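Chemist: Here it is, the structure in full.
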Amino acid sequence: MRKKMNNITFVAMVGVMGALVFASNYLSIHLPAIAGTTPRVHMGNIMCLLSGFVLGPIPGGIAAGVGSLFFDLTNP
């Protein structure tokens with residue numbers, strides 16, 4: 001039988017996964033570009049997928065969205 005988590009633990013896990021998504025967006029490799037902005041390969045997408053697998057589709061999407069939101073707000 002699967003044991004259910006209580007609400008405080010679940011909210012804390014969503015927050016931790018959001019923080020991991022935010023932090024992993026800074027781990028990137030910048031690629032050379034011919035024109036325009038420089039493209040980059042970053043670990044943020046992998047953490048978004050991992051949060052969806054670990055927490056489920058709705059809470060994982062919320063964690064990925066919040067982490068990406070804060071990265072977009074703080075990235076110049």
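Chemist: Describe numerically, in nm with one decimal, the distance between label points set 7 Å from Cα along Cα→Cβ at Arg40 and at Thr9.
Modeler: 3.6
Chemist: Right, next: In nm, give the distance between the simple-model label positions of Ala23 and Asp72, each being 7 Å from the Cα along the Cα-to-Cβ direction.
Modeler: Going by the 7 Å Cα→Cβ label model, 2.3 nm.
Chemist: For the chain, modelled as a GNM with alpha-carbon contacts under 10 angstrom, which of Ile58, Ile34, Ile46 fluctuates the most?
Modeler: Fluctuation is largest for Ile34.
Chemist: Top mean-square fluctuation among Gly44, Gly18, Gly52, Gaussian network model of the chain, C-alpha springs under 10 Å?
Modeler: Result: Gly52 has the largest fluctuation of those listed.
Chemist: Hey, another quick one. In whole Å, largest first, what are the principal axis extents of the Cα atoms in the chain?
Modeler: 55, 23, 17
Chemist: Summing -39500 (n - 2.57) over the DSSP H runs of n ≥ 4 in the chain and dividing by its residue number, what mean residue ellipticity at 222 nm do you reach, to the nearest 500 deg cm²/dmol? Don't skip to the answer; put the middle values down first.
Modeler: Working: 3 runs with 48 residues, N = 76.
-21000 deg cm²/dmol, from helical runs alone.
Read-outs throughout are calculated quantities, based only on the coordinates presented, and are distinct from any laboratory measurement. For clarity, every value in this text was computed on a predicted model and none was experimentally measured. Every residue, glycine as well, gets a Cβ built from its backbone with ideal geometry; the counts of neighbours run over all protein chains shown.
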